[in-house]
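Worksheet: one structure, shown below.
The values are calculated or read from the model by the stated rules, or taken from the named source; none is laboratory data. Since this is a predicted model, take the numbers as computed values, not measurements. With ideal geometry, Cβ positions are generated from the backbone for all residues, glycine too; neighbour counts draw on all protein chains shown. Calculation scope for accessible area: heavy atoms of the full protein, side chains included, ligands and nucleic acids excluded. Shrake-Rupley method; radii C 1.70, N 1.55, O 1.52, S 1.80 Å.
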Amino acid sequence: QVQLVESGGGLVQAGGALRLSCTASGISSTVDMDWYRQAPGERRELVATITSRGFTNYADSVKGRFTISRDNAKKTTYLQMNSLKPEDTAVYFCHTYWIFTARDYWGQGTLVTVSS
């Protein structure tokens, strides 16, 4: 059974930092991993992607502030978020698509709240 478990969300003041973690189980360590977020009343949006080889891509809104990384031995993906803004407030979800099962997998989400 594939599971993605996020942690690290919380309340932070604008300008602050948080690091989110996503630990996977029941899945290969060589899948591409993504972080998405969904603000209240908004659509879920892609924030950052990291391939199995470590290539990264970011949404324009977070470039230069967020960094995605991974530790394949621990099957854990991280999202370091710096210079946080109130508009970064959202539930952040870990996601992957596994070719082996042809399915999408999502974590339960972790809430990030940035106060002004």
Scanning region 69-107 for residues that are in contact with a Phe, Trp or Tyr (Cβ under 8 Å, 6 or more places away or on another chain) and not in a strand (DSSP E or B), which turns out most open to solvent (accessible area, probe 1.4 Å)?
82
Do we have residue 47 as open to solvent by 40 Å² or more (accessible area, probe 1.4 Å) and in contact with a strand residue (DSSP E or B) (Cβ under 8 Å, 6 or more places away or on another chain) here?
no
Can you find a residue in region 55-67 that is outside any loop (DSSP other than H, G, I, E, B), farther than 30 Å from residue 116 by Cβ, open to solvent by 50 Å² or more (accessible area, probe 1.4 Å) and not hydroxyl-bearing (Ser, Thr, Tyr)?
no
How many of the residues in region 3-24 are part of a loop (DSSP other than H, G, I, E, B) and farther than 16 Å from residue 74 by Cβ?
5
Could you please find all residues in region 73-93 being over 15 Å from the mean Cα position of the chain (by Cα) and more than 20 Å from residue 43 (Cβ to Cβ)?
73, 74, 83
So for region 6-13 (the condition being in contact with a helix residue (DSSP H, G or I) (Cβ under 9 Å, 6 or more places away or on another chain) and among the small types (Gly, Ala, Ser)), does at least one residue qualify?
no
Just checking, does region 16-37 include any residue being open to solvent by 60 Å² or more (accessible area, probe 1.4 Å), in contact (Cβ under 8 Å) with a residue 40 or more places away in the chain, out of contact with any strand residue (DSSP E or B) (no Cβ under 8 Å at 6 or more places or on another chain) and more than 19 Å from residue 114 (Cβ to Cβ)?
yes
Please find, within region 106-116, the residue that is modelled with the lowest pLDDT out of those that are more than 13 Å from the chain's Cα centre (by Cα) and farther than 13 Å from residue 40 by Cα.
116
Kindly evaluate residue 112 against the criterion of being assigned to a strand (DSSP E or B) and surrounded by fewer than 18 Cβ atoms within 10 Å (Cβ to Cβ).
no
Meets criteria (touching a Leu at 6+ places or on another chain (Cβ under 8 Å) and closer than 18 Å to residue 22 by Cβ) for residue 58:
no
Give region 1-15 a look and list any residue that's surrounded by fewer than 12 Cβ atoms within 10 Å (Cβ to Cβ) and either touching a Pro at 6+ places or on another chain (Cβ under 9 Å) or closer than 19 Å to residue 87 by Cβ (or both), or say none.
13, 15
